[in-house]
Amino acid sequence: MAFKDILVHLDDGERCAERLDVAVRLAQAHGARLTGLFAQSETSGPGVVARRASDRLSEAAGQVQAAFTAKVEAGGVAHRWWQLSHGEYGHVIGETVICSRYADLVVLGQHDGEAPARVPAQLAEEVILHAGRPVLVVPYAGSYPTLGQRVVVAWNASREAARAVNDAIPLMAGAASVLVLALHGHRGEAEPGAVPPVDIVEHLASHGIAATQERMTVEDMMPMDAVLSRLSDEAADLLVMGGFGGYGSGPFGLFGRGANTRHILRQMTAPVLFSH
C-alpha cells in the first residue's frame, strides 16, 4: 500500500512552508504526485464577496505557486497546481472538500486562532467529516522532519477507528514503534458478549507492522487528554485516530458527537491522521 496522489492545502500564511515540507517528504517517500491547492478566504465569515479573486488574492496565489513549484521541482516530485476562483467563505470550504475527494491523502494545517484568518476556522473539521479521505493535519507550531517513526493509535474498535488504522498503514510501515492505546470506560463496566479473539495488533502484524497495545481506562480526565498525555510520553511524531463518531459514542457517550476530534484539533502537539 502507498499513497500515490497527495493533496496539500496552501495559503500565504507563515505555516504554509512547514506544511508543504511535510507533504513533499511524503510524496518523495511514496513516489506520489503532489497537488498544491491554493484556497484562501477573503472574509472572516459567511458574507457577500465578488465571485472572482481580488488583486491581492491573485497576487498571493502567484507567490505561493512560485514557492510550491520551486520546492517540488527541487525535490524531484511530480506535481500539479490547483487554485480556487475566489475566496468566499463557503466556497473555500465546499471546493476544498470536493478537491480532497480526488486524492489518496489530504494534508491540511491546524487552525491558529491567534494568526490572521486566511481560511475558515472549521476547514479541517469539514474536510475530515465530508471528504471521505484520510486527512493529515499539521500543527500550527513546531517542525516535523519525521512522520510515522513513533506512532500512537487511539483505538476503540469503532468503524472510524478501524478505517483510520487501515488508512494509516502506509505511514506506519517501517515505524520504529507503534503504540495502540485501547481506550475503555470505567473499570468494572460489563464487557460485551463473547466474540472471536479479535486483535488489532495481530492485524497490523499481517502488514509487517510490529505494534504493542496498552489498555487505557479513562477515569479522571477527558479521553483525548489521556491520549495527548501518552503522545507526549512517547515523543510520538504521529497520532492516528478516527474522526467524529468514533469517539463521540460507545464507551464515551457523555461526550458529544465530534467533541473529541475538535479537542484534538485544538490541542494537538504532533501531526494527526484523521479518518471518518
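The values are calculated or read from the model by the stated rules, or taken from the named source; none is laboratory data. Everything numeric in this text was worked out from a predicted model, so none of it was measured. Counting neighbours? That spans all protein chains shown, and the Cβs are built from the backbone with ideal geometry, glycine included.
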Hey, any hits in segment 103-126 for a residue that's under 18 Å from Ala32 (Cβ atoms), assigned by TED's automatic domain parsing to the domain that holds Gly36, surrounded by fewer than 21 Cβ atoms within 10 Å (Cβ to Cβ) and not polar (S, T, N, Q)?
yes
Of the residues in segment 208-222, those that are more than 11 Å from Ala182 (Cα to Cα) and either surrounded by 12 or more Cβ atoms within 10 Å (Cβ to Cβ) or at pLDDT below 85 (or both) come to Ile209, Ala210, Ala211, Glu219, Asp220, Met221, Met222
Under the condition of being at pLDDT 85 or above and among the small types (Gly, Ala, Ser), which residue from segment 227-276 is nearest to Pro139 (Cα to Cα)?
Ala270
Go over the candidates Gly36, Gly76 one by one and state the one that is surrounded by 22 or more Cβ atoms within 10 Å (Cβ to Cβ), assigned by TED's automatic domain parsing to the domain that holds Gly113 and touching a helix residue (DSSP H, G or I) at 6+ places or on another chain (Cβ under 9 Å).
Gly36
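Rundown of residues vs (1) in a loop (DSSP other than H, G, I, E, B); (2) β-branched (Val, Ile, Thr); (3) in contact with a strand residue (DSSP E or B) (Cβ under 8 Å, 6 or more places away or on another chain), yes/no style:
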{"site": "Ala115", "(1), (2), (3)": "yes, no, no"}
{"site": "Leu129", "(1), (2), (3)": "no, no, no"}
{"site": "Val137", "(1), (2), (3)": "no, yes, yes"}
{"site": "Leu147", "(1), (2), (3)": "yes, no, yes"}
{"site": "Val165", "(1), (2), (3)": "no, yes, yes"}
{"site": "Ile169", "(1), (2), (3)": "no, yes, no"}
Determine if segment 81-98 includes at least one residue that is charged (D, E, K, R) and within 19 Å of Arg266 (Cα to Cα).
no
Within the set of pairs 6 or more residues apart or between chains, which connect a residue that is free of Cβ contacts under 8 Å to residues at least 40 places away in the same chain inside segment 95-124 to a residue that is β-branched (Val, Ile, Thr) with Cβ atoms less than 7 Å apart?
Val97/Val127
Which pairs have Cβ atoms under 7 Å, sit 6 or more apart or on different chains, and link a residue in segment 224-240 that is assigned by TED's automatic domain parsing to the domain that holds Ala164 to one that is of a type in the set (Gly, Ala, Ser) and part of a loop (DSSP other than H, G, I, E, B)?
Leu231/Ala270; Ala236/Ala270; Asp237/Gly148; Asp237/Ala270; Leu238/Gly148; Leu238/Ala270; Leu239/Ala270
Tell me yes or no: at least one residue of segment 196-207 is surrounded by fewer than 16 Cβ atoms within 10 Å (Cβ to Cβ), at pLDDT 65 or above and under 20 Å from Ser232 (Cα atoms).
no
Note: among Gly94, Gly76, just one is out of contact with any Ser or Thr (no Cβ under 8 Å at 6 or more places or on another chain) and on the phi > 0 side of the Ramachandran plot, namely Gly76
Given the criteria surrounded by 14 or more Cβ atoms within 10 Å (Cβ to Cβ) and either over 23 Å from Ala270 (Cβ atoms) or without any contact (Cβ under 8 Å) to a residue 12 or more places away in the chain (or both), does Gln63 qualify?
no
